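Student: One structure, pasted below without further comment.
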Amino acid sequence: NRLLRSTVAGLKACTREYALKLRTDTPLAGNGFLVTFQRYPERGSALRLLNDRIVVINFYCWNPDLRPFGLFSVTDTVNFGRTEDLRDVWDRPLDAEPANSTWFESHSRPDPDRAPWAGFRYTPEQLPWLGFVRKHVEVPFEHFNDVTPTSQLLSELSIANNAIIVDRDQFGVELPKFAGREPLEPDALMSHEMWLELYKRHCQTAPNEATLAILAEVGAAPE
């Protein structure tokens, strides 16, 4: 919630067409985010929520194939895009606390329970992006591990059509505070190549009947 407040305050003060959201301890090391910004022009019509995609680093965009909290996981540290798009992503009501942090103290745990140590409903990486998507469409996603064909599709579509995930070196930013804190598994984070697979699947290929049926159920069918 503090991050929502401070980021929105900064974005409301912006007067230029484009904005770069950084942590104070993430110095720039290049301009890759500018090169990447409009490199991928194709977009699907379902869950196309922003005027243009925003560019984000993959630290921490968790890979849902390896982590139970990977759906709707878009980093909250470094973003670049049109100022109005970043405002759309960040400007929303605050999240209910401590209801989110203590969710599983009063709710039954998932079965199978892939993260029995977690007491929260959603992770810090899920909260901003999920809140943004829910401004535009109903998302049936009860908690961080509520993986269903519907939640997986909505996560993939929202990320493919509204974000570009790149490695930190591709973006052109340094993360000195996180040195030595890389995940143990090589593919624990979404790489740019993984994002490209989503781009090809959802932006360069027409949706099949199963996808259209799921989108119709949640009122997000393409126009």
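The values are calculated or read from the model by the stated rules, or taken from the named source; none is laboratory data. Nothing here was measured: the structure is a model prediction, and the numbers come from that model. Cβ atoms come from the backbone with ideal geometry, glycine included; neighbour counts cover every protein chain shown.
Student: Given the structure, is Glu42 part of a helix (DSSP H, G or I) and either in contact with a strand residue (DSSP E or B) (Cβ under 6 Å, 6 or more places away or on another chain) or at pLDDT 95 or above (or both)?
Tutor: no
Student: Against the definition (among the charged types (D, E, K, R) and within 19 Å of Gln170 (Cβ to Cβ)), how does Arg39 come out, yes or no?
Tutor: Against the criterion (among the charged types (D, E, K, R) and within 19 Å of Gln170 (Cβ to Cβ)), Arg39 qualifies.
Student: Could I ask something else about it? Tell me which of these Val56 doesn't satisfy, since it passes every other one: (1) crowded, with 21+ Cβ neighbours inside 10 Å; (2) not in a strand (DSSP E or B).
Tutor: Among (1) crowded, with 21+ Cβ neighbours inside 10 Å; (2) not in a strand (DSSP E or B), Val56 violates only (2).
Student: Report the residue count in the stretch 48-90 for those that are of a type in the set (A, V, I, L, M) and out of contact with any Phe, Trp or Tyr (no Cβ under 6 Å at 6 or more places or on another chain).
Tutor: 8
Student: Okay, moving on. If you take the residues of the stretch 155-206 that are aliphatic (A, V, I, L, M) and assigned to a loop (DSSP other than H, G, I, E, B), which of them is modelled with the lowest pLDDT?
Tutor: Step by step, filter the stretch 155-206, then rank; the result is Leu184.
Student: A further question follows. Show the residue pairs meeting these rules: Cβ distance below 8 Å; 6+ apart or different chains; first residue within the stretch 127-156 and under 21 Å from Asp88 (Cβ atoms); second residue charged (D, E, K, R) and surrounded by fewer than 16 Cβ atoms within 10 Å (Cβ to Cβ).
Tutor: Gly131/Arg92; Phe132/Arg92; Lys135/Arg92; Glu156/Arg201
Student: I'd like the residue in the stretch 127-162 that is polar (S, T, N, Q) and out of contact with any Leu (no Cβ under 7 Å at 6 or more places or on another chain) and, out of all such residues, is nearest to Gly44 (Cα to Cα).
Tutor: Taking the candidates together, the pick is Thr150.
Student: Going by what's in this entry, would Arg92 be described as within 21 Å of Thr150 (Cα to Cα), assigned to a loop (DSSP other than H, G, I, E, B) and among the basic types (Lys, Arg)?
Tutor: The answer is no for Arg92.
Student: Here is a follow-up. Out of the residues in the stretch 122-154 that are part of a loop (DSSP other than H, G, I, E, B) and of a type in the set (Phe, Trp, Tyr), state the one that is surrounded by the fewest Cβ atoms within 10 Å (Cβ to Cβ).
Tutor: Only one residue fits best here, namely Phe141.
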